[in-house]
2 protein chains.
Amino acid sequence: MSIFDYFRSNKQDSAAVAKERLQIIVAHERKQRNQPDYLPKLQRELLEVIRKYVEIEQDQIDVQLEQNDDCSVLELNIVLPEAR
Amino acid sequence: MSIFDYFRSNKQDSAAVAKERLQIIVAHERKQRNQPDYLPKLQRELLEVIRKYVEIEQDQIDVQLEQNDDCSVLELNIVLPEAR
């Protein structure tokens, strides 16, 4: 399955509302388990970058961070305001 | 399928080399087709943010940008240098 298919399959949920959406996923596969995980910090900086392009309010952002021994996945889901 | 499963299923490819990997995916679902697509610009800025945390050379980065009428997907795959 390609990444494109993955997002396509996710689209059905949002079809009803027909909103603009931005989804950012950062996955970090670590070889050494004792390394620091910078994904929580990265999250804030990524949002700052995105804000240069689109106006987003804090309540439009859904953040999930999953961590296990050798992989961390940061997922940001942003519902964008209507284009003006 | 959760996002975590997606990255897990991708892991088999890299298991042999056992490198550190960082994967960033940005998907932009557009409602209006004539809107500007900022993903190509975003790509450079995202890399600048990542470089604050890890040293990456240009040749360690694989960039793919897929675009169709209502969705753009930017995928960055970075093989990280061994931790020192």
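The values are calculated or read from the model by the stated rules, or taken from the named source; none is laboratory data. Model, not experiment: these values are computed from the prediction. So basically every Cβ, Gly included, is an ideal-geometry build from the backbone, and we count neighbours across all protein chains shown. The accessibility values were calculated without ligands, DNA or RNA, using every heavy atom of the protein model including side chains. Shrake-Rupley method; radii C 1.70, N 1.55, O 1.52, S 1.80 Å.
Between copies, the label points of A:GLU48, set 7 Å from Cα on the Cα→Cβ line, lie 1.1 nm apart, reported in increasing order to one decimal in nanometres.
For B:LEU65, inter-copy separations between label points set 7 Å beyond Cα along the Cβ vector come to 3.0 nm, shortest first. Chains A and B together bury roughly 4300 Å² of accessible surface, counting both sides and using a 1.4 Å probe on protein heavy atoms. Distance from the A-onto-B rotation axis is smallest for the Cβ of the chain A residue given, in whole Å, as A:ILE25, 2.
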